[in-house]
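For reference, the structure discussed in these notes is given below.
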Amino acid sequence: MALNLAKRMASLKASEIREILKVTEQDGVISFAGGLPAPELFPIREIEDTTRIVLEKMGSKALQYTTTEGYAPLREWIAQRMNSRLGTHFDKDNILITHGSQQGLDLSGKVFLDEGDVVLCESPTYLAALNAFKAYGCRFIEIPTDEHGMRTDVLEEVLQKTPRAKLVYAIPTFQNPTGKTWNLERRKQLAEISARYNVAVIEDNPYEELRFEGEAYPSVKSFDRTGNVLCAGTFSKIFCPGFRIGWMAGEKELIRKYVLVKQGTDLQCNTIAQMTIAEYLKKYDIDAHIGRIVKVYRQRRDVAVACLEKYFPAEVRFTRPEGGLFTWLELPPSISARDILTKCLEQKIAFVPGGSFFPNEHKENTLRLNYSNMPEERIEQGLKIIGQIVTQAIR
């Protein structure tokens with residue numbers, strides 16, 4: 001092709017997760033790859049009911065353009081939900097509806113990043129966030145993590161010598177890809193560091209409501225005294241991802257900046273989807289629905305952890321998440337997860353190698369496993385085979 005493309009296109013690559021998901025569409029594949037909710041838990045009949053109500057009562061509005069900010073009753077619900085669960089102090093004008101939380105990440109790049117700016121992130125971190133920010137010509141500095149979350153002492157050291165640091169991206173609860181959760185002190189410290197160095201924080205929080213056990217913590221935003229922290233959220237993991245409805249939440253002045261760049265992107269999100277979700281939230285018990293999801297995912301997490309203990313060699317380390325969708329494996333340094341994947345795909349088993357979750361130093365001896373999408377018997381069947389392949393590679 002002879003056309004002159006934008007420079008940014010040279011650095012963009014297809015999402016490894018999305019490419020692997022193409023394979024998982026084949027019949028009979030056991031997939032631990034995408035962060036896919038269990039489709040049998042989608043409230044199909046309730047959505048059918050609420051869609052009918054919306055069309056009957058508000059059809060002309062539901063099929064019309066709406067504001068860029070989004071449907072007001074839905075924004076009000078989100079604000080109150082965050083206030084009650086996460087310790088924030090929002091109203092509807094602190095909320096912008098987005099096409100999934102992924103669009104919120106892309107808009108964050110538009111709002112904050114110039115070419116050559118630096119994004120600080122956990123190591124490893126969410127692959128699609130890296131892809132979203134990378135389009136704006138930024139560089140990444142990885143901050144190491146431990147069992148308590150991002151090493152905030154290292155973060156501060158890096159900020160002291162990185163004048164072009166513009167953004168800290170973090171997933172403090174049931175992190176993607178590791179499943180780890182930050183403790184309370186690290187959350188407070190991130191808010192304090194953000195204020196001290198005047199750096200923006202994107203707190204990505206798609207999994208918080210999927211807690212199986214352990215203590216729930218306030219958000220980083222709840223400790224924010226300067227307005228530097230923004231929150232990304234989504235209905236994809238607690239309702240259904242096909243609507244593609246998420247949100248960005250933050251100080252009203254910053255949200256107005258997001259509104260401006262969204263207007264240049266897509267004008268608004270799907271009106272009828274927003275109204276249908278709002279009607280569902282009014283008519284049905286979302287907490288009971290989330291409770292059913294949590295019960296199933298807890299069982300599947302338990303089966304996955306039991307299988308990792310039973311079928312994988314002792315040299316393999318893995319996380320035991322208290323919620324969310326993922327566990328993270330570290331193989332011996334000499335073993336490539338991509339080689340393991342090649343052999344697994346021959347037996348119609350898929351997962352995501354971990355190297356792409358590191359923006360700089362790819363650690364190819366790692367992999368991410370999702371346990372939410374497959375029934376328990378297929379989880380055991382698939383993990384037994386992966387364990388055998390890993391054992392053979394080590395031995």
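Here's a check for you: in the range 216-250, which residue that is more than 28 Å from Phe42 (Cα to Cα) and basic (Lys, Arg) is surrounded by the fewest Cβ atoms within 10 Å (Cβ to Cβ)? The selected residue is Arg225. Is one or more of the residues making up the range 16-24 at pLDDT 95 or above, over 21 Å from Pro375 (Cα atoms) and among the acidic types (Asp, Glu)? No, the range 16-24 contains no residue that is at pLDDT 95 or above, over 21 Å from Pro375 (Cα atoms) and among the acidic types (Asp, Glu). Taking first residues from the range 258-276 that are in a loop (DSSP other than H, G, I, E, B) and partners that are open to solvent by 10 Å² or more (accessible area, probe 1.4 Å) and not hydrophobic (A, V, I, L, M, F, W, C), the Cβ contacts under 6 Å between residues at least 6 apart in sequence or on separate chains come to Gln268/Thr66; Gln268/Thr68; Cys269/His99.
Can you confirm whether the range 207-221 contains a residue that is at pLDDT 95 or above, aromatic (Phe, Trp, Tyr), farther than 30 Å from Phe351 by Cβ and touching a helix residue (DSSP H, G or I) at 6+ places or on another chain (Cβ under 8 Å)? Checked the range 207-221: no residue is at pLDDT 95 or above, aromatic (Phe, Trp, Tyr), farther than 30 Å from Phe351 by Cβ and touching a helix residue (DSSP H, G or I) at 6+ places or on another chain (Cβ under 8 Å). The condition (being of a type in the set (A, V, I, L, M, F, W, C) and in contact with a Ser or Thr (Cβ under 7 Å, 6 or more places away or on another chain)) is satisfied by just one residue among Phe351, Phe312, Phe357: Phe357.
If I go through the range 126-170 residue by residue, how many of them are among the basic types (Lys, Arg) and surrounded by 16 or more Cβ atoms within 10 Å (Cβ to Cβ)?
Just the residues of the range 126-170 that are among the basic types (Lys, Arg), to begin with: 134, 139, 151, 161, 164, 166.
Adding the requirement that they be surrounded by 16 or more Cβ atoms within 10 Å (Cβ to Cβ) leaves 134, 139, 151, 166.
Matching residues across the range 126-170 total 4.
One residue is enough: does the range 278-290 have a residue meeting the conditions assigned to a loop (DSSP other than H, G, I, E, B) and of a type outside the set (S, T, N, Q)? Break it down stepwise before answering.
Going through the range 278-290, the residues assigned to a loop (DSSP other than H, G, I, E, B) turn out to be 284-285.
So of that shortlist, the ones also of a type outside the set (S, T, N, Q) come out as 284-285.
Within the range 278-290, one or more residues are assigned to a loop (DSSP other than H, G, I, E, B) and of a type outside the set (S, T, N, Q).
If you go through the range 354-369 and keep only what is within 21 Å of Tyr169 (Cβ to Cβ) and either of a type outside the set (A, V, I, L, M, F, W, C) or crowded, with 22+ Cβ neighbours inside 10 Å (or both), you end up with Gly354, Gly355, Ser356, Phe357, Pro359, Asn360, Glu361, His362, Lys363, Thr366, Arg368.
Taking residues in the range 50-73 that are farther than 10 Å from Glu279 by Cβ, and partners anywhere that are of a type in the set (Lys, Arg) and modelled with pLDDT of 95 or more, the pairs with Cβ atoms closer than 9 Å and at least 6 places apart or on different chains are Thr68/Lys262; Glu69/Arg75; Glu69/Lys92; Glu69/Lys262; Gly70/Lys92; Ala72/Lys92. If you go through the range 251-271 one residue at a time, do you hit one that is open to solvent by less than 10 Å² (accessible area, probe 1.4 Å) and charged (D, E, K, R)? Yes, the range 251-271 contains at least one residue that is open to solvent by less than 10 Å² (accessible area, probe 1.4 Å) and charged (D, E, K, R). Could you grab me the full set of residues in the range 304-329 that are free of Cβ contacts under 8 Å to residues at least 24 places away in the same chain, among the charged types (D, E, K, R) and either crowded, with 17+ Cβ neighbours inside 10 Å or assigned to a strand (DSSP E or B) (or both)? Passing the criteria: only Arg317. Identification of helices (runs of 4 or more DSSP H) wholly contained in the range 75-192 with 1 or more residues that are farther than 22 Å from Thr226 by Cβ, of a type in the set (A, V, I, L, M, F, W, C) and within 19 Å of the chain's Cα centre (by Cα) yields 127-134. As for the range 58-74, it holds no residue that is among the acidic types (Asp, Glu) and surrounded by fewer than 18 Cβ atoms within 10 Å (Cβ to Cβ). Checking Glu380, Glu322, Glu364 one by one, the residue that is modelled with pLDDT of 95 or more, charged (D, E, K, R) and over 23 Å from Ser123 (Cβ atoms) is Glu380 and no other. In the range 272-297, the residue that is most open to solvent (accessible area, probe 1.4 Å) out of those that are over 21 Å from the mean Cα position of the chain (by Cα), of a type in the set (A, V, I, L, M) and closer than 30 Å to Glu213 by Cβ is Ala288. Which residues, taken from the range 343-395, are assigned to a helix (DSSP H, G or I) and of a type in the set (Ser, Thr, Tyr)? Selection gives Ser356, Thr391.
Going through (1) within 30 Å of Gly137 (Cα to Cα); (2) buried (at least 16 other Cβ atoms within 10 Å of the Cβ) one by one, Ser372 falls short only on (1).
Of all the listed residues (Phe90, Phe42, Phe32), the sole one being closer than 30 Å to Gly355 by Cβ and at pLDDT 95 or above is Phe32.
The values are calculated or read from the model by the stated rules, or taken from the named source; none is laboratory data. Just so we're clear, the structure is a prediction, and the values are computed from it rather than from any experiment. Neighbour counts are summed over all protein chains in view; Cβ atoms, including those assigned to glycine, are modelled from backbone coordinates with ideal geometry. Heads up: the accessible areas ignore ligands, DNA and RNA and are worked out on the full protein's heavy atoms, side chains in. Shrake-Rupley method; radii C 1.70, N 1.55, O 1.52, S 1.80 Å.
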